[in-house]
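Here's the structure we're looking at; comments come further down.
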Amino acid sequence: MSLTPEQLAKIQQKESTLPDALRRDALTNYREGYFFVTINTRGYAPILSYISGRADANDGAEDEPRCVYTELGKRAQWKSTVDVFFVS
């Protein structure tokens, strides 16, 4: 479905008022691929996961950095078959 010139103008007007960090990249295909979602919380509380390990550890080492999921993070799932995020 194509957008009308009026709709395109309205979108461009709205996007021009957004800070650079919130604008979509015109060259990026947002329908394919993987994306990371960052959620900032007060006091940097780990809501879904946290990073454990040492940043300078070698790959495969016992203390290499890894993502550790919280109980809520373990229950949160991405259902790619219907493209819906849900928390059980």
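No lab work stands behind these numbers, since they all come straight from the coordinates. Just so you know, these numbers come straight off a predicted model, no measurement behind them. Every residue, glycine among them, receives a Cβ derived from its backbone with ideal geometry; neighbour counts consider all protein chains shown.
Among the residues of the range 1-17, which ones are part of a loop (DSSP other than H, G, I, E, B) and surrounded by 10 or more Cβ atoms within 10 Å (Cβ to Cβ)?
If the condition is that a residue be part of a loop (DSSP other than H, G, I, E, B) and surrounded by 10 or more Cβ atoms within 10 Å (Cβ to Cβ), then L3 is the only one that fits.
Given the criteria farther than 21 Å from A76 by Cα and hydrophobic (A, V, I, L, M, F, W, C), does A45 qualify?
When the stated conditions are applied, A45 does not pass them.
Is there a residue in the range 25-43 that is surrounded by 10 or more Cβ atoms within 10 Å (Cβ to Cβ) and of a type in the set (S, T, N, Q)?
Yes, the range 25-43 has at least one match.
Pairs under 9 Å by beta carbon, first residue farther than 16 Å from Y44 by Cβ in the range 58-74, partner among the acidic types (D, E) and assigned to a loop (DSSP other than H, G, I, E, B), six or more apart or different chains?
These pairs meet every condition: N58/E64.
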